[in-house]
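Contents: one structure, followed by commentary.
The values are calculated or read from the model by the stated rules, or taken from the named source; none is laboratory data. Just so you know, these numbers come straight off a predicted model, no measurement behind them. Backbone-built Cβ (ideal geometry, glycine too); neighbour counts: all protein chains shown.
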Amino acid sequence: MDIIAAHGSTLLIIACCFGFFMAWGIGANDVANAMGTSVGSRALTIKQAILVAMIFEFLGAYLAGGEVTSTIRKGIIDPASLEDSPELMVFGMLSALLAAGTWLLIASLKGWPVSTTHSIVGAIVGFASVGISVDAIHWDKVGTIVASWVVSPVLAGTISFGLFMSVKVLILDTDDPFQRAKRFIPVYMWMVGFMISMVTLLKGLKHLGVEFDLGLGSKFANAIPVSAAAGLVVAAFGAWLLTRIKEQPNQEHRFANVERVFAILMVFTACSMAFAHGSNDVANAVGPLAAIASTIQSGGEIAAKAALPWWILLVGAAGIVVGLATYGWKVIATVGRKITELTPSRGFAAELGAASTVVVASATGLPISTTHTLVGAVLGVGFARGIAALNLRTIGQIFMSWIITLPAGAGLAIVFFFMFRGIFA
């Protein structure tokens, strides 16, 4: 208590800097891989991708991320174990933010798409094991998060594989792919609108006081008809856009006109992916910062949940945008170009498959990583063209970085935890 009273303002300023640094890492790594398919398939330029990410990441975080976050991300440790020594909570969360941010910086420099969730979880496990006790960690929760290494890419890869095969059968492998594209793409646009709406209704809008109760029982059942109607609006808008595209003669590439149509669709799926990502992962930066702010402002009282003030969301949103704009290109290059060759039709299948996986996970409580989901989706699309279409060396490096992430976050957090305790205690 004395440490918080004496150094509260200093600790809060440091926390804001580290929260911004962690958000920078999310922008440079996580958001970059969410936008990688759009940029890699040349459906969006890097500037357009940054603009889409700025708008929809923030909307996803604010509308679907909720205004309250767990002070200990994912319930890894029990807040009650820190009640007698709140300064350990502050030191621990500071070290977790700095450790996760540092690992994301290293991964981004290397161009590795890694999970921000696993980075912050590893960091929290690290500080808790040395700062509190190994018994204070809920190892079953850690186990479910590790399980997401397999669940996320397999589920997303399967959905994306199915989507791309449907595109091949319905559009690409036909006599007149351009006319078939104009007929079937509104159906895919309906799916995009449906997914964005489902993410919004299932994951958020609670704090805005908006509830759709159509008397159908569960929240999931109530969300389906509303999302179906939202999908129809998106499909109608998309169909109107498609009427403005004229077929151009192209002797070199018979699918060039179809890919132009899919490039328009990619704008919708990029928005959908950014929104889904914002709702799922932005709390990795703002959650620990909210925990520190809540503990300091209450004079050392630790709550299981902490409010997310507007200024904390702003720190997170600003860090994410700066991270994507300054160093996101490395991870964008890995996801967009180095795993497999992407075209707008392949990129669309990958992004919609990844967004769909986030919705399925939200509805069923499956543990997922957005990064692993998107990489798995790109793998699924590449696999649809045969194993030779995949760059196995790049995939091996990515898998290795995933395995290293948890222990790297833990090791760095232990070092930083002892450093902060030495300085302030």
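Six or more apart or on different chains, Cβ atoms under 9 Å: show the pairs whose first residue is in segment 296-323 and closer than 15 Å to ALA15 by Cα and modelled with pLDDT under 75 and whose second is surrounded by fewer than 22 Cβ atoms within 10 Å (Cβ to Cβ) and among the charged types (D, E, K, R).
Partner pairs satisfying both residue conditions: LEU308/GLU67; PRO309/GLU67.
Pick out the one residue from SER85, SER133, SER129 that is modelled with pLDDT under 85 and over 21 Å from ILE14 (Cβ atoms).
The match here is SER133.
Filter segment 358-385 down to the residues that are at pLDDT below 85 and of a type in the set (Ser, Thr, Tyr) and list them by number.
Within segment 358-385, SER362, THR364, SER369, THR370, THR371 meet the criteria.
Name every residue in segment 330-353 that is over 18 Å from ILE387 (Cα atoms) and surrounded by fewer than 19 Cβ atoms within 10 Å (Cβ to Cβ), in order of residue number.
LYS330, ALA333
Being closer than 28 Å to ALA293 by Cβ and either assigned to a helix (DSSP H, G or I) or at pLDDT below 85 (or both), is that true of even one residue in segment 390-406?
At the first step, the residues of segment 390-406 found to be closer than 28 Å to ALA293 by Cβ are 405-406.
So of that shortlist, the ones also either assigned to a helix (DSSP H, G or I) or at pLDDT below 85 (or both) come out as 405-406.
Checked against the condition, which is being closer than 28 Å to ALA293 by Cβ and either assigned to a helix (DSSP H, G or I) or at pLDDT below 85 (or both), segment 390-406 yields at least one hit.
Which condition number in (1) β-branched (Val, Ile, Thr); (2) at pLDDT 85 or above; (3) not in a helix (DSSP H, G or I) is the one that THR69 fails?
Of everything listed in (1) β-branched (Val, Ile, Thr); (2) at pLDDT 85 or above; (3) not in a helix (DSSP H, G or I), THR69 misses just condition (2).
Scanning for something modelled with pLDDT of 85 or more and either among the hydrophobic types (A, V, I, L, M, F, W, C) or part of a helix (DSSP H, G or I) (or both), does segment 142-150 turn up at least one residue?
Residues of segment 142-150 modelled with pLDDT of 85 or more: none.
Within segment 142-150 (the criterion being modelled with pLDDT of 85 or more and either among the hydrophobic types (A, V, I, L, M, F, W, C) or part of a helix (DSSP H, G or I) (or both)), the answer is no, since none of the residues qualifies.
Search segment 23-36 for residues that are crowded, with 24+ Cβ neighbours inside 10 Å and pair each with any residue that is part of a helix (DSSP H, G or I) and among the charged types (D, E, K, R) when their beta-carbon atoms are under 7 Å apart and the residues are at least 6 apart or on different chains.
Final answer for the pair search is ILE26/ASP281; ASP30/ASP281; VAL31/GLU57.
Is it the case that some residue within segment 96-108 is modelled with pLDDT of 85 or more, closer than 24 Å to GLY316 by Cβ and touching a Lys or Arg at 6+ places or on another chain (Cβ under 8 Å)? Full working, then the answer.
We begin by selecting, within segment 96-108, every residue modelled with pLDDT of 85 or more; these are 96-108.
Now restrict to residues that are closer than 24 Å to GLY316 by Cβ: 96-108.
From the residues that got through so far, the ones that are touching a Lys or Arg at 6+ places or on another chain (Cβ under 8 Å) too are 108.
Checked against the condition, which is being modelled with pLDDT of 85 or more, closer than 24 Å to GLY316 by Cβ and touching a Lys or Arg at 6+ places or on another chain (Cβ under 8 Å), segment 96-108 yields at least one hit.
Considering ASP175, ASP135, which residue is without any contact (Cβ under 8 Å) to a residue 12 or more places away in the chain and in a helix (DSSP H, G or I)? Spell out how you get there, then give the answer.
Numbers: ASP175 fails: in a helix (DSSP H, G or I).
Residue meeting the stated conditions: ASP135.
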